[in-house]
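The values are calculated or read from the model by the stated rules, or taken from the named source; none is laboratory data. Here the structure is a predicted model, which means the values were calculated and not measured. Quick reminder, even Gly has a Cβ in these numbers, built from the backbone with ideal geometry, and neighbours come from all protein chains shown.
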Amino acid sequence: MRQADAGVLMYGGAEPLERAGDLMETLHFKIVTSPVGPLFLAASQRGLVALEFEARLPGQQTIRPNPRDLRSEILGSGSLHVGAPRVRFEECPAAMRPYVEELEEYFLGLRRNFGFPLDLRGTEFQRACWRALLAIPYGETRTYADIAREVGKPKAFRAVGMANNRNPVAIVVPCHRVIASDGSLCGYGGGLDIKRKLLELEGAISGVLAA
């Protein structure tokens with residue numbers, strides 16, 4: 001994995017596209033079923049922009065369009081899309097197939113690392129935290145303090161927690177692998193039940209410890 005530019009994390013050899021100056025961007029999307037419930041996936045030409053749980057905690061960030069109007073959506077100041085205020089969503093199973101197939105393999109226990117590109121959009125600090133999350137090996141956990149030290153701000157564990165909360169690509173950017181210093185699961189945007197299931201799937205915790 002390498003950082004391709006200020007806002008895009010790329011896997012493999014794909015080169016990032018230049019950010020267009022026009023105000024409308026098309027994101028392909030698909031809603032898929034999974035063992036942890038429906039998942040909303042959205043991708044740009046650069047890579048996966050969002051992976052969101054159908055059920056989210058109150059106030060959880062989303063780029064999901066209004067289901068009554070999938071043609072276009074105004075994204076506010078807290079959006080994931082920096083520099084382009086409008087985005088058009090198109091449901092496109094073919095474009096989303098590579099992402100869906102790797103997710104299916106993950107849930108079957110056949111995949112530990114994802115190979116598709118990511119188009120992560122956030123502040124410099126958020127992206128630094130998300131890169132640290134991507135470095136946590138499958139089957140392992142880290143604490144918020146660990147991530148704070150990793151990004152060079154050892155006292156900023158609360159800010160790390162907020163960056164985790166703003167993670168736009170759940171599961172793939174594994175914020176579920178971050179736990180409290182006392183070993184408790186702490187919070188998770190998809191809910192603690194889903195966090196337990198993901199950590200159990202990866203063998204990071206046993207069913208007994210997760211209870």
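Any residue in the stretch 119-126 that is among the acidic types (D, E) and crowded, with 18+ Cβ neighbours inside 10 Å? Taking every residue of the stretch 119-126 in turn, at least one turns out to be among the acidic types (D, E) and crowded, with 18+ Cβ neighbours inside 10 Å. Filtered by the rule that a residue be surrounded by fewer than 20 Cβ atoms within 10 Å (Cβ to Cβ) and either within 27 Å of E105 (Cβ to Cβ) or among the charged types (D, E, K, R) (or both), the stretch 143-162 gives D146, R149, E150, K153, K155, R158. Scanning the stretch 151-192 for residues that are among the polar types (S, T, N, Q) and either in the same structural domain as E52 (by TED's automatic domain parsing) or out of contact with any Ser or Thr (no Cβ under 7 Å at 6 or more places or on another chain) (or both) yields N164, N165, N167, S184. Take the stretch 171-197 and flag every residue that is farther than 14 Å from G122 by Cβ and within 14 Å of the chain's Cα centre (by Cα). Within the stretch 171-197, I171, V172, P174, H176, R177, V178, Y188, G189, G190, K195 qualify. Consider the stretch 116-139 and keep the residues that are of a type outside the set (D, E, K, R) and part of a helix (DSSP H, G or I). The one that is farthest from Y99 (Cα to Cα) is F125. Scanning the stretch 173-198 for residues that are within 17 Å of R131 (Cβ to Cβ) and in contact with a strand residue (DSSP E or B) (Cβ under 6 Å, 6 or more places away or on another chain) turns up just one, V178.
A search for C-beta distances below 6 Å between a residue of the stretch 89-112 that is touching a residue at least 24 places away in the same chain (Cβ under 8 Å) and over 18 Å from I194 (Cα atoms) and any residue that is among the β-branched types (V, I, T) and outside any helix (DSSP H, G or I), counting only pairs 6+ apart in sequence or on different chains, returns E90/T26; V100/V32.
Scanning the stretch 70-90 for residues that are of a type in the set (A, V, I, L, M, F, W, C) and at pLDDT 60 or above yields V87, F89.
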